[in-house]
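Heads up, the thing below is written out as structure tokens.
The values are calculated or read from the model by the stated rules, or taken from the named source; none is laboratory data. Keep in mind that this is a model prediction, so the values were computed, not measured. Every residue, glycine as well, gets a Cβ built from its backbone with ideal geometry; the counts of neighbours run over all protein chains shown. For the accessible areas, the whole protein counts, side chains as well, though only heavy atoms, and no ligand, DNA or RNA atoms are used. Shrake-Rupley method; radii C 1.70, N 1.55, O 1.52, S 1.80 Å.
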Amino acid sequence: FFFFSMNVFLRRKFSTAVVGEKILINYIKDSAAPVIKVDSEYPSWLPNICKKGPSKAALSKKFELEGTDAMSTYEIRRLKRLITLDQIKENNLSNIAEKG
């Protein structure tokens, strides 16, 4: 329910959905169909959930110029994750090249 209503919320300006309209998905037995709510009833973080995070290049530049003291925990973890993903991709490509 949460995932579906979130998508409806994020696409609302392009959708024909109306506040109070029932969403035609009912995955919980014997419960009422969920309805679209007014924007103010959704959590404030919900519109930000689909925004892209900072790129690896931007985070690397911030790390080099300012160090970890100027970075949030989220930024540090994201940079580490992006670096790890790049290393995995490089390993996969080198393994394919060796086999092929």
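Express the carbon and sulfur contribution to the solvent-accessible surface of the range 40-86 as a percent, rounded to the nearest whole number, probe 1.4 angstrom.
Carbon and sulfur atoms account for 56 percent of the accessible area of the range 40-86.
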Net charge near Leu85, counting Lys/Arg +1 and Asp/Glu -1 over other residues with Cβ under 12 Å of its Cβ? +3
Too-long pairs where the Cα-Cα distance tops 28 Å, listed order kept, from Lys51/Lys89; Lys62/Lys89; Lys52/Lys99; Lys61/Lys89; Lys29/Lys51: Lys52/Lys99; Lys29/Lys51
Using a 1.4 Å probe on heavy atoms of the protein chains only, the accessible area for Lys37 in Å², nearest 10, reads 80
The answer for Val35, listing residues at least 5 apart or on another chain whose modeled amide H is closer than 5 Å to its amide H, is Ile23
For Thr84, what accessible area in Å² do you get when you roll a 1.4 Å probe over the heavy atoms of the protein chains, rounding to the nearest 10? 60
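Hey, can you find the accessible area per residue of the range 53-100 for me, probe 1.4 Å, expressed in square angstrom?
Working: 3950 Å² over 48 residues.
For the range 53-100, the solvent-accessible area averages 82 Å² per residue.
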